[in-house]
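To start, the structure under review is shown below, and the notes come after it.
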Amino acid sequence: MIMIFQWISWHFSEMPREILEGWKNFLKFNLNYFSVGLLVKTFFYPWRKYKMSYGKGLDFQKNIEVFFSNLIFRLLGAIIRSGLIAAGLIAEVFVFFGGLIWLVLWVFSPIILLWGLYFGFKVLF
């Protein structure tokens with residue numbers, strides 16, 4: 001009888017804690033893999049550090065050209081980073097719901113097993 005109580009403690013207490021810990025690690029890994037925090041911090045940085053220099057002197061046309069080129073590099077960086085952030089957050093949603101499904105299936109697996117055995121024997125007999 002003691003073994004059943006140990007199994008119940010393991011199945012409904014210890015393993016859900018372990019599943020939650022693993023789930024938390026997967027969520028952290030996903031955010032780190034996609035570098036979401038870093039991408040948010042550097043959202044308006046120029047893409048791949050492309051930057052034009054203003055140079056010396058007061059050439060108005062050159063300064064306007066450099067300004068708009070640098071602006072385009074920053075907008076390009078923001079567009080690409082927003083796509084990567086969106087991909088990371090979408091993956092995070094999938095990891096979240098996958099972990100939730102796994103946890104629910106784990107908790108209800110004894111009931112699912114008993115239900116399957118009951119209907120399996122019902123079909124046989």
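The values are calculated or read from the model by the stated rules, or taken from the named source; none is laboratory data. On a predicted model such as this, the values are computed, not experimentally measured, just so you know. When we count neighbours, we look across all protein chains shown, and the Cβ atoms used for this are built from the backbone with ideal geometry, even at glycine.
Among the residues making up segment 80-102, those that are surrounded by 12 or more Cβ atoms within 10 Å (Cβ to Cβ) and under 30 Å from Arg17 (Cα atoms) are Ile85, Ala86, Ala87, Gly88, Leu89, Ala91, Glu92, Val95, Phe96, Gly98, Gly99, Trp102. Return the residue satisfying two criteria in turn: it lies in segment 52-79 and is in contact with a helix residue (DSSP H, G or I) (Cβ under 6 Å, 6 or more places away or on another chain) and not in a loop (DSSP other than H, G, I, E, B), and of such residues it is farthest from Ile19 (Cα to Cα). Filtering segment 52-79 for residues that are in contact with a helix residue (DSSP H, G or I) (Cβ under 6 Å, 6 or more places away or on another chain) and not in a loop (DSSP other than H, G, I, E, B), the one farthest from Ile19 (Cα to Cα) comes out as Phe73.
Selection of segment 27-49 for residues being aromatic (Phe, Trp, Tyr) and either surrounded by fewer than 14 Cβ atoms within 10 Å (Cβ to Cβ) or on the phi > 0 side of the Ramachandran plot (or both) yields Phe29, Tyr33, Phe43, Phe44. Taken over segment 103-125, the residue count meeting the criterion of being surrounded by fewer than 13 Cβ atoms within 10 Å (Cβ to Cβ) and either touching a helix residue (DSSP H, G or I) at 6+ places or on another chain (Cβ under 9 Å) or in contact (Cβ under 8 Å) with a residue 24 or more places away in the chain (or both) is 3. Could you go through segment 48-58 and let me know if any residue there is modelled with pLDDT under 95, within 28 Å of the chain's Cα centre (by Cα) and under 22 Å from Leu31 (Cα atoms). Among the residues of segment 48-58, at least one is modelled with pLDDT under 95, within 28 Å of the chain's Cα centre (by Cα) and under 22 Å from Leu31 (Cα atoms), which makes the answer yes.
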